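Visitor: Dumping the structure here so I can ask a few things about it.
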Amino acid sequence: MFSFLSFPHLFVALLSVGYPLALIFRYCLFQKDPFVIHLFHITTGLCMAYFNFGVQLYHSLLCVVIQFLSLRLMGRTITAVCSSFIFQMAYLLLGYLYTATEHYDIKWTMPHCVLTLKLIGLAFDYYDGGKDPEQLSAVQHQSILPQVPSFVEVCGFSYFYGGFLVGPQFTMRSYQRLVAGELTDCPGHTPNCILPAVKRVCLGLLCLSIYTLGSPFFPDSYFLSDDFEVQTFWYRCFYILVWGKVTLYKYVSCWVITEGVCILSGLGYNGRDSEGVVQWDACANMKVWQFETTPLFTGTIASFNINTNAWVARHVFKRLKFLGNKMASQSVALFFLAIWHGLHSGYLLCFLMEFIIVTAERQALSLVRDSPVLTRISQSPVLWLPLYLLQQLIHWLFMGYPLIPFCLFTWDKWFKVYSSVYFCGHVFFFTAMLIMPYLRRALVPRKREKEKKEE
């Protein structure tokens, strides 16, 4: 069982099971009877669940059945949406409460957190299907459900092998189009997606190799060792920087390899761009090039776990407009993401730090944009490379910094590590936020500041 195994074994499962199943669907079931396709997805998904978690698969099955009954019995009502949200999140959080340890465990709660978002999103999409079309956004138009899905559709959607274990998030409407054979660049024929899928699996294996080779030299456990405590301050900072980079490859690898499965099945089809080039990024959870090259925290966040972030933006952030405050909506969305990951204090602190870092960065970017002096400096060809390298240094140091509580979970562990570096990240960003208004008054002309306020 994967409960006793590690992430590399999970990758092997994705390669040895996901890709063959996608090939079977592609060559044997494409545009065949939808009922047969649903049964294929249900059977293979349940087999994966049983192989990984044994009889504990009943947790997911119970939630799927209750979600279907909720759609059938409550209809397109806000009551159905709220009930689904509360039940599915409560079930997940209770699962965390009863199974959580002080280590990262691959248990039934790991795929269940992905399923929770799927089922809540299903309730939202069915509810949106009853709204006036003029009230819907472009994204909602693509995902609304004109009628309640059948039970086999809900089960097939929930247990689809390309997204059951680690995601990505996709809508029921996308799944229905996959089953109907509509997600193809050649109508009536299987999609030309083998090469894009091979590219993603190769990229995923490269990232997996970096993580596999690097993680033994930069283990989480070293933070809590006596050896780490006797190292110099700068060595500790350097270790956090490299450790954070290596650790993130664990997630990058998993998502990129899984994306290849979705592409091979056809689910990754995303139409054509303005130049007519076929796009296979509908299930992309990573923009790897942006992730590697951006010097901004917001750029990294925008390139990381894309589908989950898009789900939260669509179903949490944007539906909190009634609060009338963008920062309040963002705070609630980040709090939701934190508890969705788990109940450890480390998750809450990680997303709190993300909020602080992003806020400070946006203030800094706004200051550079509005100050003529700083704008000239940032656009200088001579200073571009040194500034870029400095940004990258700060960026990756403080990307690893909030990752510490995310990976160490409990307060006694992450507090010990932060104490060893004198809470430098907290001090740096809180100080930056405090002095930013004074720098703005000194560097931004009054006329431009007045125009900014009027905007």
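Visitor: Can you pull the accessible area of residue 115 for me, 1.4 Å probe, Å² to the nearest 10?
Guide: 10
Visitor: While we're looking at this one, here's another question. Quick one: pull the percent of accessible area on the stretch 260-399 belonging to carbon and sulfur, 1.4 Å probe, ligands and nucleic acids left out.
Guide: Carbon and sulfur together cover 67 percent of it.
Visitor: Would you tally the net charge around residue 260, using a Cβ to Cβ cut-off of less than 10 Å, leaving residue 260 out, and scoring K and R as +1, D and E as -1?
Guide: +1
Visitor: Just check the stretch 35-84 against the gyration tensor rule for me: Cα atoms, a ≥ b ≥ c as the square roots of the eigenvalues, rounded for a/c under 1.5, and otherwise prolate or oblate depending on whether a/b exceeds b/c.
Guide: Working: a/c = 4.16, a/b = 1.79, b/c = 2.32.
It comes out oblate by the Cα gyration axes.
Visitor: Starting from 0.36 nm per residue, how many nanometres of slack lie between residue 189 and residue 322 once their C-alpha separation is accounted for? Write down the numbers at each step before the final one.
Guide: Numbers: separation 133, 0.36 × 133 = 47.88 nm, distance 4.59 nm.
Between residue 189 and residue 322, full extension yields 43.3 nm more.
Visitor: For every helix of n ≥ 4 consecutive DSSP H residues, a contribution of -39,500 (n - 2.57) applies; sum these over the chain, divide by its total residues, and give [θ] at 222 nm rounded to the nearest 500 deg cm²/dmol.
Guide: -21500 deg cm²/dmol
Visitor: Classify the stretch 320-405 as rounded, prolate or oblate from the Cα gyration tensor: take a ≥ b ≥ c as the square roots of its eigenvalues, call it rounded if a/c is under 1.5, otherwise prolate when a/b beats b/c and oblate if not.
Guide: Since a/c reaches 1.5 but b/c is at least a/b, the shape of the stretch 320-405 is classed as oblate.
Visitor: At a Förster radius of 56 Å, what calculated FRET efficiency corresponds to the Cβ-Cβ distance of residue 131 and residue 235, to the nearest 0.05?
Guide: The pair residue 131/residue 235 has a calculated efficiency of 0.50.
Visitor: Show me the helices of the chain, taken as full DSSP H stretches, that run 15 Å or more along their long axis by Cα and average 0.0 or above in Kyte-Doolittle hydropathy.
Guide: Within the chain the helices that satisfy the rule are 34-53, 58-74, 78-99, 109-128, 194-214, 233-265, 326-341, 345-370, 384-408, 424-443.
Visitor: I'd like the FRET efficiency for residue 148 and residue 210, computed as 1/(1 + (r/R0)^6) with the beta carbon distance as r and R0 of 45 Å, rounded to 0.05.
Guide: Approximately 0.50, to the nearest 0.05.
Visitor: Something else now. Using a 1.4 Å probe and counting only protein heavy atoms, arrange 428, 238, 30 so the residue with the most accessible area comes first.
Guide: Correct descending sequence by accessible area is 238, 428, 30.
Visitor: Would you mind getting the accessible area per residue of the chain, heavy atoms of the protein chains only, 1.4 Å probe, in Å²? Could the numbers behind the result be given before it?
Guide: Values: 21740 Å² over 455 residues.
Normalised by residue count, the accessible surface of the chain is 48 Å².
The values are calculated or read from the model by the stated rules, or taken from the named source; none is laboratory data. Quick caveat: nothing in here was measured; it's all calculated off a predicted structure. Neighbour counts run over all protein chains shown; Cβ positions are idealised from the backbone, glycine included. Heads up: the accessible areas ignore ligands, DNA and RNA and are worked out on the full protein's heavy atoms, side chains in. Shrake-Rupley method; radii C 1.70, N 1.55, O 1.52, S 1.80 Å.
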